[in-house]
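The values are calculated or read from the model by the stated rules, or taken from the named source; none is laboratory data. In this text, all values refer to a predicted model and were calculated from it rather than measured experimentally. Here the Cβ is made from the backbone with ideal geometry for all residues, glycine too, and neighbour counts use every protein chain on show.
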Amino acid sequence: MKCPKIAVSVLSADFSKLGEEIEALNKKGADMLHLDIMDGHYVPNLSFGMPIVQAVSKLSSLPLDAHLMVTNPEDYVDSFAKLGVQYFSFHQETVFHSHRLVQRIKQLGMKAGIALNPATPLCSMDEILSELDFVLIMSVNPGYSGQSFISSSLDKVRRLKEMISFRNLDTLIEVDGGVTASNAGDLVGAGADILVSASYVFSHVDYEDAIKQLKSQ
């Protein structure tokens, strides 16, 4: 079985010692840092904005993966590109012209992705799938860290992988929400390439061991 990339979400980090947390992740086997940007409108939570992203970009030696859970993702594209963000995903429900936004993201050198909520069907991005570098499958309802994995997400990943393979695309599948060592293997087997982990990694004393568990299932 292939080894997935692990994108650790800083949302569950101890922000009182953010520099130490990121330095630990730089050295403990994480492949990416996941940035959950929430505005309190599209999702019922407010996380962090540009000052934190700027600070993280200076501290991290890992690729930055920004997940925009906001009503205006287009307003973040240029500034995030300047900060060195490499992966940029948004929810298609939040924009009128997703194709235009995808093209803008790619023009600025970032990888473009669309995030799908648990109740958002795969067919909603049928016409744009070939333009995407990755699809982010939400396996919890977005807004809070530490939620339980929605089991139907596994079949959704499997069906998405079939769509990608049928069209002979290179689109990656990322999964975010309730990912643990107990379901990581099933997700990778279904076709996931990138696993996002927040509370699972930060709840362990040894981050390296937690990341290894996610990769070795």
From SER89, SER57, SER79, residue being among the hydroxyl-bearing types (Ser, Thr, Tyr) and closer than 24 Å to VAL140 by Cβ: SER89
Being at pLDDT 95 or above, surrounded by 23 or more Cβ atoms within 10 Å (Cβ to Cβ) and either of a type in the set (Phe, Trp, Tyr) or farther than 18 Å from GLY113 by Cα (or both), is that true of even one residue in segment 165-187? yes
Quick one: would you say PHE149 is in contact with a Ser or Thr (Cβ under 8 Å, 6 or more places away or on another chain) and at pLDDT below 95? yes
With respect to VAL56, determine if the residue is closer than 29 Å to ILE128 by Cα and either surrounded by 21 or more Cβ atoms within 10 Å (Cβ to Cβ) or of a type in the set (Val, Ile, Thr) (or both). no
Top-ranked residue of segment 188-209 - restricted to ones that are of a type in the set (A, V, I, L, M, F, W, C), at pLDDT below 95 and crowded, with 19+ Cβ neighbours inside 10 Å, ranked as nearest to ASP65 (Cα to Cα): ALA198
Restricting attention to segment 161-190, report how many residues are in a strand (DSSP E or B) and closer than 18 Å to SER148 by Cβ. 2
